[in-house]
Amino acid sequence: MSTEDSCPSKANPAIGRLPRPASMNTNVDVSTLVDTDGGMIDRSIYTDRGIYGQEMRRVFARSWLFLAHESQFKKPGDFFTTFMGEDPVIVTMDKTKTIRAYLNSCRHRGVRLCRADAGATKMFTCTYHGWSFDLAGALQSVPNEQAYPEDFDRKDWSLIDVPSLATYKGLIFGNWDPNAEPLEESLGDMRYYMDAMLDRDPEGTEVMGGVMKWELEGNWKLAAEQFATDWYHVNMSHASALMVMSPTGRGPKAEIAATPGRQFVAPNGHGAGFPTHPKSRFDAGPVHEYYDYPALRERLGDAAVEGPMTTGHATVFPNFSYLPVNGSIRVWHPKGPDKIEVWAWILVDKSMPDEVKDAQRLYNLRTFGPSGIFEADDGENWSEVQAISHGFVTNSVPLNFQMGIGSERNDGVYPGQTSELYSDAAGRSFYKHWAGLMNTPAWHEQGKQSQQPGQ
Ligand code: FES
Ligand SMILES: [Fe+2]
């Protein structure tokens, strides 16, 4: 399998071919809404429809977005449908076993071309008027084609492809920016933290079963930011779940509640936090017994095994998050400012025996599946934030992100800048990067008239 790292210098000429009204491209200066030095966030960034539209244009249309796992594609024609922001995409393996991705919208009248969640096919045939596209996105047949003008050329009506695709250790990412910074550079030091989940074994990882999907009332950033930065909520929000998990049925002991650990703070919005106390480890028994810890220490290094491989949390900016301890990888798909569709996969090491994979699957479902005892706690918090945030006065009162201001440093153990486990540092960095993108024209605005902040 290969993933073509195609970076044509020009964007697809079909995008924005017709001039668009300025009202559709009005941009708000968000610099006053995100005060990362003072540690305050204005709540309108979660509720405002205009800001949401700007996010689609300037964050989601230019960031590396998680699409799927390589193990979902075994033979030519295997496909999976997902979203990049609110743009629907088909991810498929073509005849040369190259992974490709296309906008899942027919070039004729725009209907969703492929309505299945996943499957295998030779062609994508539109159910509206019957235009058919091959696995390379080329328009192959048009019913009643002779009725079109003489200069009608099927080549001009291929599917809109995602110009930049790349994989990192089994994870497939796409970017609408034809000249996007390479994925590995964009991940930077985050790769070290991801490796603690993705690179435990030379055979790599695979996903088990299908994709679990559920909806939450809430803005996508509430979830993404929490997974980047927030260990703080664990002992309070998950107190009852921790008691269930505890062999004694009691709440977390002091050494767990005040657990030592670190938080990775990437300059471009990624974040990861993890305890380093061995008693903070909440993995599934059979998985724990399966691992050869001396070999893992050899492979990943002591610090990775004692930290990011444990009960941590992480977000790859903007909306891909994971939990290394139970192999939960998930995307927070934005569905308007007030709604998230969560898509979650179960990730296991390919080389695990079936019974160990199954133990991981059950552990994943019981903790962070759609009705997992921890998952329900988190969704409840985000929904509660969102439900009241449209009130005028409520919306005018900023949120606090001041924990650990100035604490970021290179600690000599973990790569990049890290902060304390209990810190908002990665959250501040998440919003700083977000604001930077929101205030900067994207690839599709070059040479076009669009209103800039302050105009
Ligand atoms: S919309 Fe697809 S063929 Fe008409
Ligand atoms: Fe949580």
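Here, each number is a calculation from the coordinates, and none is a lab measurement. Computed from a prediction, not measured in an experiment: that's the story for all the values here. Note that we place each Cβ from the backbone using ideal geometry, even for glycine, and neighbour counts take in every protein chain shown.
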> Over the chain, what is the mean sequence separation of C-alpha contacts under 8 Å (at least six apart), divided by residue count, expressed as relative contact order in percent?
Replying inline: 22 percent
>> Based on the alpha carbons, how large is the Rg to Rh ratio for the stretch 65-179 when Rh follows Kirkwood?
In response: 0.98
> Once phi is turned into θ = phi - 60°, what whole-Hz ³J(HN,Hα) does the Karplus curve with 6.51, -1.76 and 1.60 give for every residue of the stretch 172-178, x standing for Gly and Pro?
Replying inline: 9, 10, x, 9, 6, 6, x
> So what are the radius of gyration and Dmax for the Cα set of the stretch 189-438, in Å?
Replying inline: 17.5, 56
>> If I take R0 = 30 Å and measure r between the Cβ atoms of A118 and D411 in this structure, what FRET efficiency does the formula 1/(1 + (r/R0)^6) give, to the nearest 0.05?
In response: 0.10
> Using the Cα gyration tensor of the stretch 275-417, with a ≥ b ≥ c the square roots of its eigenvalues, what is the shape: rounded (a/c below 1.5), prolate (a/b larger than b/c) or oblate (neither)?
Replying inline: oblate
>> Ranking request for peptides 16-25, 42-51: highest mean number of other beta-carbon atoms within 10 Å first, then the rest in descending order.
In response: 42-51, 16-25
> How large is the charge dipole for the stretch 119-223, taken about the Cα centre, if only the Cβ atoms of Lys, Arg (+1) and Asp, Glu (-1) carry charge, to the nearest 20 debye?
Replying inline: 340 debye
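Report, in cubic angstrom per residue, the convex hull volume of the C-alpha atoms of the chain. Before the final figure, lay out the partial values.
On the way: hull volume 69.1 nm³, N = 455.
Normalising the Cα hull of the chain by residue number yields 152 Å³.
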> Cα extents of the stretch 150-195 along the three principal axes, largest first, in whole Å?
Replying inline: 56, 19, 8
>> Please list, in order along the stretch 18-23, the HN-Hα scalar couplings obtained from phi with the Karplus expression 6.51 cos²θ - 1.76 cosθ + 1.60 (θ = phi - 60°), rounded to whole Hz, x for Gly and Pro.
In response: 9, x, 10, x, 4, 5
>> What distance in nm lies between label points placed 7 Å from Cα along the C-beta direction at F152 and K95?
In response: 2.5 nm
>> Please list, by residue number, everything in the stretch 153-168 whose backbone N is under 14 Å from a paramagnetic label point 7 Å out along Cα→Cβ of E184.
In response: 166-168
